[in-house]
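The values are calculated or read from the model by the stated rules, or taken from the named source; none is laboratory data. This structure is a prediction, so every number in the text was calculated from the model and none was measured. Glycine gets a Cβ as well: all are built from the backbone with ideal geometry, and neighbour counts include every protein chain shown. For the accessible areas, the whole protein counts, side chains as well, though only heavy atoms, and no ligand, DNA or RNA atoms are used. Shrake-Rupley method; radii C 1.70, N 1.55, O 1.52, S 1.80 Å.
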Amino acid sequence: MKKLFIQTYGCQMNVYDSARIADSLAPLGFAAADNPLEADLVVLNTCHIREKAAEKVYSELGRLRRIKAAKAETGSRMLIAVAGCVAQAEGEEMIRRQDAVDIVVGPQALHRIPEMVAKIERGQSRALETSFAPDEKFDSLPNMRAEGPAAFLTVQEGCDKFCTFCVVPYTRGAEYSRPVSQIEAEARLLVERGVREITLLGQNVNAYRGKGPDGTLWSLAHLLAALDKIDGLKRLRYTTSHPRDMQDDLIAAHRDVEKLMPYLHLPVQSGSDDVLAAMNRQHTRDHYQRLIDRIRAARPDIAMSSDFIVGFPGETERDFEATLQLVRQVGYAQAFSFQYSPRPGTPASVMRKQISPELKSARLQELQALLMQQQAAFATSCEGLTMPVLFEKRGRWPGQAVGRSPYLQPVHVEQAGHLIGTLADVRISRAMPNSLAGVLTSAHSWPTVSAH
Ligand code: SAH
Ligand code: SF4
Ligand code: F3S
């Protein structure tokens, strides 16, 4: 038996891809290793979104190179493969400059990994594959395994939006939607393997336009309604959405699709129209706020989440204030915020008026303090409510299990170890900074109609 170690960076789409890489290497005899030391093949599935993310890859490569050399001295061989978005962006240079790297494979070519590994095992020196062929990728991915009751399912890849700060359109290619029948088959397979919650993934998942069984192009709302009918599936989610693609039918789905959970990650990036325009987000602050009003009218208890970038080139004190003000107006249950990181090849990286690291850091701290306060307030508002929790894994203490609330918060419950893989009603007893604690109950009182 050969051993495989995969290290995953970046977004959920990389998590999905890593699972598919493991599935595709299983027929070659690769089983999971606990750490790189015992692995015959190490895959780094990388992220290029911010400079720090990309840097991590190079420091990890340095460490792996030493492990590889030490192993070679004892006569054993370790292959190193770099997959994902850094591979796509810097693949050729990586092959040239990092002699320890055997395989470089972009995110749209990862179905080629088994063949690349086989070639190297037969004596080829190195292999590089960074072509874009998403249909080929999904057609040739093997039967998947499922780990636990919650799974990701990629339905859409790539991006045509070209926000001026972002590398994704270059690393993942143009927007592509998988056909409905393929997605339904994958969802049914996951449910057969014990999955109860599926999160549909895409860099722009709500731009989904996939070929339906009737030959027409289906929207994400249409797809959700079809998946809602799968017996045994209990919950649906989707991420990440772009405000520009939030169509009426998708808003209505938050009212009508029974299994769709009341949580929406809808990144706004900034509250200033000037910054939004410079970012090429193609929506205004007002458009975003009106969307949220309509989504909340459709589903009053929905928990909102967003991404924010502070310190975009030219961001003034007033622009930043506008972001804080938007956050106060919306009220987020959860959010991710980042300092702007100039990425090679993107238009924003060469804009004038870059913001100093000190100012970016100060603004980020201020924004994060506000967002943390909102997250805590949302968690506190859950105290005393009873809600279904999908138990995913064991907790730290004997008998304890950890699951997710409908609003995606981790919930710790004692004496629930036997419930892993299932849904049960939980009364929330205590809110902590990043999770909730609760007790099992037989009382049903969810969904609540009151807005949070
Ligand atoms: N498709 C998603 C975003 C994917 S990237 C969307 O449109 O919202 C995830 C997040 O990383 C982005 O929402 C953004 O907040 C952040 N991000 C992307 N590029 C960045 C950069 N150059 N610097 C800092 N943060 C960035
Ligand atoms: Fe990047 Fe913008 Fe596309 Fe999101 S919509 S992936 S932020 S270019
Ligand atoms: Fe990173 Fe690529 Fe995802 S750049 S965020 S791994 S799409």
Worksheet item: Can you list the residues, at least 5 places off or on another chain, whose amide H is less than 5 Å from the amide H of LYS3, using H built in the peptide plane?
Response: ALA31, ASP40, LEU41
Discussion item. Between the stretch 11-52 and the stretch 211-278, how far is it from one alpha carbon centroid to the other, in angstrom?
Written reply: 28
Worksheet entry | Cut-off under 5 Å, modelled amide H: who pairs with ILE355 long-range | GLY314
Worksheet item: Sorted by accessible area (1.4 Å probe), largest first, how do ASP231, ASP99, ASP23 line up?
Response: ASP231, ASP99, ASP23
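Could you rank THR346, THR130 by how accessible they are, 1.4 Å probe, largest area first? Each step should come with its number before you reach the end.
Working: THR346 5, THR130 40 Å².
From most exposed to least exposed: THR130, THR346.
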Discussion item. With +1 assigned to the C-beta of every Lys and Arg and -1 to the C-beta of every Asp and Glu, and no other charges, what is the dipole magnitude of the chain about the Cα centre in debye, to the nearest 20?
Written reply: 660
Response to the item:
Label model pair ASN280, SER442: point-to-point distance (7 angstrom along the Cα→beta-carbon line) in nm is 6.0
Item to complete: Heads up, I need the accessible area for HIS242: 1.4 angstrom probe, whole protein in place, Å², nearest 10.
Response: 10
Worksheet item: Under a 5 Å amide H to amide H cut-off, with H placed in plane at 1.01 Å, what residues pair with PHE152 once short-range neighbours are removed?
Response: THR199
Practice prompt. Output the Cα-based Rg and Dmax of the stretch 1-113 in Å, rounding Rg to one decimal and Dmax to a whole number.
Written response: 13.1, 38
Worksheet item: At a probe size of 1.4 Å, how large is the accessible area of VAL439, to the nearest 10 Å²?
Response: 70
Worksheet item: Can you give the FRET efficiency for GLU73 and ASP139, using 1/(1 + (r/R0)^6), R0 = 35 Å, r = Cβ-Cβ distance, to the nearest 0.05?
Response: 0.25
Practice prompt. Please compute the Cα-Cα pair-distance distribution of the chain with 10 Å bins starting at 0, giving whole percents from short to long.
Written response: 4, 19, 28, 28, 17, 4, 0
Worksheet, complete the sentence: Mean accessible area per residue over the stretch 136-381 (1.4 angstrom probe, all protein chains present, square angstrom) is 41
Worksheet item: Going by accessible area, probe 1.4 Å, with all protein chains left in place, what is the ranking of ASP425, ASP286, largest first?
Response: ASP286, ASP425
Worksheet item: GLU92 versus GLU366, label points 7 Å from Cα toward the beta carbon: distance in nm?
Response: 4.4
Discussion item. Just to confirm my understanding: which cysteines in the chain have no other cysteine beta carbon less than 4.7 Å from their beta carbon?
Written reply: CYS11, CYS47, CYS85, CYS159, CYS382
